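*Asks:* Got a structure here, written out as structure tokens. Questions coming.
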Amino acid sequence: MAPSEQQRSSAFARLAGMAGLLILLLVTAIPAQAQTFSVIHTFTGGADGGGPSAGLAMDRAGNLYGVTDDGGTAGQGTVFKLTQRNSGWIFSSLYSFQGGTDGANPESRVIIGPDGSLYGTTFHGGDTDCIYGPGCGTIFNLRPPPTFCRATTCPWTETVLHRFTLDEGGPGGDLVFDVQGNLYGTTSQGVFELTPSSGGWAFSLIYQLPAPWVNGVTLDRAGNLYGAVEQYDASSSVYELTPSPSGWTASVLYTLDYRTDGGGPGGLVFDQAGNLYGGTWEGGPDHGGTVFQLSPTNGGWTFSTLYAFAGSGSGGPCCGRLLMDASGSLYGATFGDGAYGYGSAFKLLPSNGGWIYTDLHDFPLIGSDGRYPNNPLVLDRNGNLYGTTSGGGANNGSGTVWEITP
């Protein structure tokens with residue numbers, strides 16, 4: 001499955017140039033190590049869903065949560081859970097979207113809210129008056145059964161928090177909560193805020209994006225929002241939104257050069273020192289996307305390329321944010337690239353002022369592994385890495401959930 005229309009921005013219509021430019025930080029690439037790769041669920045495209053087009057979330061108990069773009073009881077996508085039992089995993093379908101005024105076709109991962117329930121968006125469904133396809137999408141909440149359920153299939157209760165209109169745009173990218181319980185995300189029109197109000201939720205667009213590139217936003221400790229956008233002229237930028245009593249003030253932190261820095265950025269992640277990290281899925285000196293760092297320096301931001309992927313078009317870190325562990329290492333997946341051209345999982349380890357790149361796994365065209373892996377990935381307490389593929393696998397090419405054990 002290729003990225004959705006919101007996840008691509010005429011990527012295959014552009015060619016990068018200026019090969020041979022120097023990467024700003026020393027990077028040493030090493031081949032795949034002695035990792036153990038296994039598939040823990042293969043989607044059928046039926047009741048369990050098909051085509052997981054986003055990464056995973058993990059709760060404190062180590063349970064995995066994700067979405068599928070299609071399948072389910074109504075063929076409109078699902079939310080699922082994977083629970084580890086002894087040496088295996090138990091799969092549960094938590095909810096099947098119904099379309100219409102309900103949501104349909106979730107394309108961004110769910111997050112775990114402050115109350116422990118799940119929050120997410122759907123790309124379709126919702127407002128039946130929206131002329132953009134079968135609805136402009138929704139924001140939803142899923143809650144577990146109020147009493148303990150012993151069965152392996154215990155449906156959760158869904159509540160639609162907001163139905164998007166044509167003027168508000170279609171949603172995508174990760175949602176994020178602030179400390180006051182307000183929810184933030186992005187649509188093809190801008191950045192939105194969803195505020196608890198009188199037992200419901202009040203919706204407002206707080207920033208108009210210069211182009212319909214939907215990546216979600218991230219928060220710093222002061223409550224500022226950060227995101228990235230690719231504009232129509234192929235340039236990409238990283239922006240900051242600062243709250244004030246009169247609203248939100250936008251500023252551009254850095255504008256990426258497609259040829260040297262990469263294009264088509266995904267979501268962003270902070271380290272403990274306040275540096276921002278992200279990935280692009282095209283462009284850069286080797287034409288296959290990049291992983292980059294933005295460091296606050298003397299009131300501004302300094303850009304560094306940590307790794308450049310080789311390719312003839314697109315394929316670098318795609319459609320979601322990278323994962324950073326407690327030691328500062330970055331993990332991600334490429335939509336293309338890899339030994340077979342159908343994606344790879346990788347790790348970047350900071351070392352002596354540079355970064356060591358490790359190819360953890362290459363996804364093939366044919367086989368049970370799946371192909372076209374998604375970001376973001378998740379790590380458990382034992383260092384096991386988990387992710388999804390949007391296609392491939394043993395059953396009808398409907399995708400997989402996989403694990404890499406060190």
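*Asks:* Report the rotationally averaged projected area of the range 168-245 based on its alpha-carbon convex hull, in square nanometres.
*Replies:* Details: hull surface 21.4 nm².
Averaged projected hull area, Cα only: 5.4 nm².
*Asks:* Kindly state, as a whole number, the per residue volume in cubic angstrom of the convex hull around the alpha carbon atoms of the range 317-396.
*Replies:* Numbers: hull volume 7.3 nm³, N = 80.
Given the Cα convex hull of the range 317-396, per-residue volume reads 91 Å³.
*Asks:* Could you work out how much longer the chain between TYR340 and ASN384 gets when fully extended? Use 0.36 nm per residue separation minus the Cα distance between them, nm to one decimal. List each step's numbers first, then the result.
*Replies:* Values: separation 44, 0.36 × 44 = 15.84 nm, distance 2.35 nm.
Answer, rounded to one decimal: 13.5 nm.
*Asks:* A follow-up question, please. Using alpha carbons only, how many angstrom separate the centre of the range 351-367 from the centre of the range 267-338?
*Replies:* Result: 13 Å between the Cα centres.
*Asks:* For the chain, calculate the relative contact order in percent as a whole number, restricting contacts to Cα pairs under 8 Å that are 6 or more residues apart. Could the numbers behind the result be given before it?
*Replies:* Values: 1272 pairs, mean separation 66.9, N = 406.
Across the chain, relative contact order equals 16 percent.
*Asks:* DSSP beta bridges in the range 267-400, what fraction antiparallel, as a percent rounded to 5? Kindly include the intermediate steps, with their values, before the conclusion.
*Replies:* Numbers: 38 of 40 bridges.
Given both bridge residues lie in the range 267-400, the antiparallel proportion sits at roughly 95 percent.
*Asks:* Name the residue from ASN141, GLY99, VAL160 whose Cα lies farthest towards the positive end of the charge dipole of the chain, charges +1 on Cβ of Lys and Arg and -1 on Cβ of Asp and Glu.
*Replies:* It is ASN141, whose Cα lies furthest towards the positive end.
*Asks:* Placing +1 at every Lys and Arg Cβ and -1 at every Asp and Glu Cβ, with all other atoms neutral, what dipole size does the chain have around its Cα centre, in debye to the nearest 20? Each step should come with its number before you reach the end.
*Replies:* Working: 15 positive and 32 negative charges, 148 e Å.
The calculation lands at about 720 debye.
*Asks:* Report for the chain the percent antiparallel among DSSP-assigned beta bridges with both residues inside it, nearest 5. Before the final figure, lay out the partial values.
*Replies:* On the way: 114 of 121 bridges.
Close to 95 percent.
*Asks:* Could you work out how far apart the two model spin labels at SER117 and GLN208 are, taking each label as a point 7 Å from the Cα in the direction of the beta carbon, and quote it in nm?
*Replies:* 3.4 nm
*Asks:* Sticking with this structure for a sec: Considering amide H positions built from the backbone, and no H for Pro or chain starts, which residues 5 or more places from ASP174, or on another chain, come under 5 Å of its amide H?
*Replies:* The answer is GLY216, VAL217.
*Asks:* How large is the Rg to Rh ratio of the range 263-326 when both quantities use alpha carbon positions and Rh follows Kirkwood?
*Replies:* Details: Rg = 11.9 Å, Rh = 11.9 Å.
So for the range 263-326, dividing Rg by the Kirkwood Rh gives 1.00.
*Asks:* Taking the convex hull of the Cα atoms, report for the chain its projected area averaged over all directions, in nm². Let's see the in-between values first.
*Replies:* Working: hull surface 78.0 nm².
Averaged projected area of the chain's Cα convex hull equals 19.5 nm².
*Asks:* Report the gain in length on full extension from SER351 to LEU161: 0.36 nm times residue separation, minus Cα-Cα distance, nm rounded to one decimal.
*Replies:* On the way: separation 190, 0.36 × 190 = 68.40 nm, distance 4.47 nm.
Answer, rounded to one decimal: 63.9 nm.
*Asks:* Cα-based Rg of the range 205-344 per 2.2 N^0.38 Å, rounded to two decimals? Don't jump to the answer; show the numbers that get you there.
*Replies:* Numbers: Rg = 14.7 Å, N = 140, 2.2 N^0.38 = 14.4 Å.
My calculation over the Cα atoms of the range 205-344 gives 1.02.
*Asks:* How are the C-alpha pair distances of the range 80-132 spread across 10 Å bins, as whole percents from the shortest bin up?
*Replies:* Spelled out bin by bin, the range 80-132 gives 21, 40, 28, 9, 2 percent.
*Asks:* If you don't mind, there's one more thing I want to ask. Tell me, for the chain, which Cys residues have no other cysteine's C-beta sitting closer than 4.7 Å.
*Replies:* none
*Asks:* Another question, then. Which trypsin sites (Lys or Arg not before Pro) from the range 150-222 combine a DSSP loop assignment with at most 16 other Cβ atoms within 10 Å? List each step's numbers first, then the result.
*Replies:* Values: sites: ARG150, ARG163, ARG221; in loops: ARG150, ARG221.
Qualifying residues, ordered by number: ARG150, ARG221.
*Asks:* Measuring with a 1.4 Å probe in the full set of protein chains, what accessible area per residue, in whole Å², belongs to the chain?
*Replies:* On the way: 16280 Å² over 406 residues.
Roughly 40 Å² per residue, with all protein chains present.
*Asks:* Shifting gears a bit: Given q = 0.09 Å⁻¹, what are the Debye log10 I(q)/I(0) values for the range 29-180, with equal point scatterers placed on the Cα positions and solvent ignored?
*Replies:* The Debye formula, applied to the Cα set alone, gives -0.30.
*Asks:* Based on Cα positions only, what radius of gyration and what Dmax would you give for the range 264-370, in angstroms?
*Replies:* Radius of gyration, then largest Cα-Cα span, for the range 264-370: 13.8, 51 Å.
*Asks:* Still on this structure, please answer the following. Translational diffusion coefficient, Stokes-Einstein: compute it for the range 217-263 using the Kirkwood radius over C-alpha pairs as Rh, at 10 °C and 1.306 mPa s, and state it as an integer in µm² s⁻¹. Mind showing how you got there, number by number?
*Replies:* On the way: Rh = 11.5 Å.
Taking Rh from Cα pairs, D becomes 138 µm²/s.
*Asks:* Same structure again: Among GLY45, GLY263, THR305, whose Cα lies farthest out toward the positive end of the dipole of the chain, if unit charges sit on the beta carbon of Lys, Arg (+1) and Asp, Glu (-1)?
*Replies:* GLY45
*Asks:* Evaluate the distance, in nm, between pseudo-label points positioned 7 Å from the Cα of SER327 and of ASN182 along their respective Cα→Cβ axes.
*Replies:* 3.8 nm
*Asks:* Next question, about the same structure. Which order, highest average first, do 298-305, 242-249, 90-97 follow once you tally other Cβ atoms within 10 Å for each residue and take the mean per peptide?
*Replies:* Values: 298-305: 13.5, 242-249: 10.8, 90-97: 20.6.
For the peptides 298-305, 242-249, 90-97, the packing ranking is 90-97, 298-305, 242-249.
The values are calculated or read from the model by the stated rules, or taken from the named source; none is laboratory data. Predicted model only: the values in this text are computed from it and were never measured. Virtual Cβ from ideal backbone geometry, glycine too; neighbours counted across all protein chains shown. Surface accessibility is based on the protein's heavy atoms, side chains included, excluding ligands, DNA and RNA. Shrake-Rupley method; radii C 1.70, N 1.55, O 1.52, S 1.80 Å.
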